[in-house]
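> Before I ask anything, let me first share the structure, which is written out below as structure tokens.
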Amino acid sequence: MQSTDFPASTSKTSLPHVKTDIHHTPIPAYSACECETWRYLLSRQQTQWPDRACDEYLEALEATGLSPASIPQLADISDSIQHQTGWTIERVDGIVPDQIFFAMLAARVFPSTDFIRKPEDIDYTPAPDMFHDLVGHAPLLTHPRFSNFFQRFGEAGSAAFAQNHPARVWLARIYWYSVEFGLIRSRQGLRIYGAGILSSHQEVSYSLSDATTKHRFDLDHMAQTPYDVWHMQDTLFVIDSFDQLENEFARWTAHHGLA
Ligand SMILES: [Fe+2]
């Protein structure tokens, strides 16, 4: 999960991102315990996704080649995604400073860790790990409309930093309620597309239960709604489609001078 505060900064300059080649990144030697953690986490989530995860995500997951059988190499997943939408993956050590994170997204680069959580953190890790980054985020990078929205999000964030604009806080909330905890309407009912839900054992069923309040997609409402990272998410927003997500975000950023 990427940083979600987007704290105020005194910097008024945008920061260009210089891409590095994932193929030159050393490949970790994963232990048997780490391989078992990956297998267990992905297998467990796969039992929860039918009739809950959106079709776009499930189809993208399959096309990306992620499987419980083995821990993937970032370069392989990056190549698969690049072939479809031009996005690439870059290895990072953990949470990326917000300004750099925005610049990476604007350049169609997604930062991912290449290490996996410890067994004692199997159900929840507040720090990023490759299960959340790859299983939660990577598949939808292959979706044309979602990936366009994600790039535009990076551009808006970069513009907000360059202008020292209050939208940095609004964008953090929009990110939370869409990229991490978004729901989407389908003909079969509500489905999940947010990475924070899809990669969480508890949030998958909780998000679609009557315990949560589900609002229609409204970027101003999202921007004004604080969130709590330490508890199950009670407040969620529902998009009608990824077309709506891309188009309405484009209008919203233009309205706020962030396009
Ligand atoms: Fe995330």
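> Which residue, of 133, 123, 79, 114, is within 12 Å of the ligand (Cβ to nearest atom) and of a type in the set (Asp, Glu)?
After applying the criteria, what remains is 133.
> In addition: Which one of 181, 237, 217, 242 is aromatic (Phe, Trp, Tyr) and more than 23 Å from residue 45 (Cβ to Cβ)?
Of 181, 237, 217, 242, the one residue that is aromatic (Phe, Trp, Tyr) and more than 23 Å from residue 45 (Cβ to Cβ) is 217.
> Within the set of pairs 6 or more residues apart or between chains, which connect a residue that is on the phi > 0 side of the Ramachandran plot inside segment 132-150 to a residue that is small (Gly, Ala, Ser) and not in a helix (DSSP H, G or I) with Cβ atoms less than 8 Å apart?
So the pair list comes out empty.
> For segment 175-239, which fully contained helices (runs of 4 or more DSSP H) count at least 2 residues that are more than 16 Å from the ligand (Cβ to nearest atom) and touching a residue at least 60 places away in the same chain (Cβ under 8 Å)?
Fully inside segment 175-239 and qualifying: 203-208.
> Mind checking which residues of segment 148-175 are surrounded by 23 or more Cβ atoms within 10 Å (Cβ to Cβ) and small (Gly, Ala, Ser)?
Within segment 148-175, 156, 157, 158, 160 meet the criteria.
> Which of the residues spanning segment 139-174 are within 16 Å of the ligand (Cβ to nearest atom), aliphatic (A, V, I, L, M) and touching a Phe, Trp or Tyr at 6+ places or on another chain (Cβ under 7 Å)?
140, 141, 171, 172
> Still on this structure, please answer the following. Could you count how many residues in segment 240-259 are in a helix (DSSP H, G or I) and of a type outside the set (D, E, K, R)? Spell out the reasoning first.
Keep residues of segment 240-259 that are in a helix (DSSP H, G or I), which gives 242-255.
Checking the rest, the ones that are also of a type outside the set (D, E, K, R) come to 242, 244-245, 247, 249-250, 252-255.
Going through segment 240-259 one residue at a time, the tally reaches 10.
> Let me ask something else. How many of the residues making up segment 240-259 are without any contact (Cβ under 8 Å) to a residue 40 or more places away in the chain, within 18 Å of residue 216 (Cβ to Cβ) and exposed (fewer than 15 other Cβ atoms within 10 Å of the Cβ)?
So in segment 240-259, the residues without any contact (Cβ under 8 Å) to a residue 40 or more places away in the chain come out as 244, 247-248, 251-252, 254-255.
With the extra rule that they be within 18 Å of residue 216 (Cβ to Cβ), the set shrinks to 244, 247-248, 251-252.
With the extra rule that they be exposed (fewer than 15 other Cβ atoms within 10 Å of the Cβ), the set shrinks to 247, 251.
Counting residues in segment 240-259 that are without any contact (Cβ under 8 Å) to a residue 40 or more places away in the chain, within 18 Å of residue 216 (Cβ to Cβ) and exposed (fewer than 15 other Cβ atoms within 10 Å of the Cβ) gives 2.
Where a number appears in this text, it was derived from the coordinates with a stated rule and is not lab data. Just so it is clear, the structure is predicted and the values come from calculations on it, not from any experiment. Note: ideal-geometry Cβ built from the backbone for every residue, glycine included; neighbour counts use all protein chains shown.
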